[in-house]
Amino acid sequence: MSHGPREGFWAFQYRRLKIGCLWCVFGLGGLGLSLTYFPFLRLFVKDPVKRRLKARAAITWSFDGFARAIEWLGVMSLDRSSLEKLRDLKGVIIIANHPTLIDYVMIASKLPEMDCLVKASLRHNFFLRNVIRAADYLSNDGSFEVIDECCRRLKAGENILIFPEGTRTRKDVPMKLKRGVAHTALRAQCDLAVVHIRSSHHWLDKESEWYEIPPVRPSMSLTFVGLMRVSDYMREGEDGYSLASRRLTQAMREELMAVPCWNEEKP
């Protein structure tokens, strides 16, 4: 990833101001959908499947607009093009590393029918709770019922985005994956679609605030690199999925770590 020239003081502050405005627009956009379009869907679209698909399509439209605004304002360079290949897949779990706060937003901006396993705490977020409810996203509360529902939706042909770490990737901290992702894939007998996310700078990660922006315009790429076949990790004669789950989890970790999350070359 190449970096642009270092900005002057006022250009740097202007870029920070634009970023602050974008975050305000993002929050207000979610609130606006919650107060207008989503209540309309509840009133006039009685079929729950059609209702959530329309809600997800609206979310994709708004996220795509947010991503385009990021590029148009010169806040960040984005490469999301390969994610469109995921639209042809059915009944897969999409897995990705998770270096930034906007990873889900960028993936969802290209996939209007995608489901997502979200943190249970987000259901109490003022700006996002009604978005999550309207899209009927799955809430990761750690229960067996969630795995059962994931399997049901996968077998029905839905694609579900899951970040296997369960939180954002940390700098200089070994990647540790939740084994529930592998267990769900094995139970549903579905493949895993691997997405590599790379950011040019440590920004919007666990250790930084949104206003702690890089000295130059950052860049971000999201690349679909292929499928992992769960059948490759099963062995004849094994009872249950315990050993296969360990093998698959380790393979997922190696795959997600194959490309560094960050590339901070000096400009």
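Of the candidates Glu145, Glu207, Glu149, the single residue that is more than 18 Å from the chain's Cα centre (by Cα), without any contact (Cβ under 8 Å) to a residue 40 or more places away in the chain, closer than 24 Å to Trp23 by Cβ and open to solvent by 20 Å² or more (accessible area, probe 1.4 Å) is Glu207.
Hydrophobic (A, V, I, L, M, F, W, C), at pLDDT 95 or above, surrounded by 15 or more Cβ atoms within 10 Å (Cβ to Cβ) and over 25 Å from Gly29 (Cα atoms) - does that describe any residue in the stretch 67-79? Among the residues of the stretch 67-79, not one is hydrophobic (A, V, I, L, M, F, W, C), at pLDDT 95 or above, surrounded by 15 or more Cβ atoms within 10 Å (Cβ to Cβ) and over 25 Å from Gly29 (Cα atoms), which makes the answer no. Please go through (1) free of Cβ contacts under 8 Å to residues at least 60 places away in the same chain; (2) more than 17 Å from the chain's Cα centre (by Cα); (3) farther than 27 Å from Gly27 by Cβ; (4) open to solvent by 40 Å² or more (accessible area, probe 1.4 Å) for Arg87 and return the number of the only condition it doesn't satisfy. For Arg87, the exception is condition (2).
For Ser62, the criteria (1) more than 24 Å from Leu138 (Cβ to Cβ); (2) open to solvent by 20 Å² or more (accessible area, probe 1.4 Å); (3) of a type in the set (Gly, Ala, Ser) hold in every case but one, which is (1). Scanning the stretch 190-209 for residues that are assigned to a loop (DSSP other than H, G, I, E, B), of a type in the set (S, T, N, Q) and either at pLDDT 95 or above or under 16 Å from Met106 (Cα atoms) (or both) returns a single hit, Ser200.
Only residues that are out of contact with any strand residue (DSSP E or B) (no Cβ under 6 Å at 6 or more places or on another chain), surrounded by 22 or more Cβ atoms within 10 Å (Cβ to Cβ) and either closer than 23 Å to Glu145 by Cβ or aliphatic (A, V, I, L, M) (or both) were counted in the stretch 109-131, giving 1. Of the candidates Leu33, Leu41, the single residue that is at pLDDT 95 or above, open to solvent by less than 50 Å² (accessible area, probe 1.4 Å) and not in a loop (DSSP other than H, G, I, E, B) is Leu41. Of all the numbered requirements in (1) touching a helix residue (DSSP H, G or I) at 6+ places or on another chain (Cβ under 8 Å); (2) touching a residue at least 12 places away in the same chain (Cβ under 8 Å), His201 misses one, and that requirement is (1). Of the numbered criteria (1) without any contact (Cβ under 8 Å) to a residue 24 or more places away in the chain; (2) within 17 Å of the chain's Cα centre (by Cα); (3) over 27 Å from Glu212 (Cβ atoms), the one Leu122 fails is (3). Only residues that are in a loop (DSSP other than H, G, I, E, B), open to solvent by less than 20 Å² (accessible area, probe 1.4 Å) and over 19 Å from Asp79 (Cβ atoms) were counted in the stretch 210-230, giving 1.
The values are calculated or read from the model by the stated rules, or taken from the named source; none is laboratory data. Being a predicted model, the structure only gives us computed values, none of them experimental. Here the Cβ is made from the backbone with ideal geometry for all residues, glycine too, and neighbour counts use every protein chain on show. These accessible areas exclude ligands, DNA and RNA; they are computed on the full protein's heavy atoms, side chains included. Shrake-Rupley method; radii C 1.70, N 1.55, O 1.52, S 1.80 Å.
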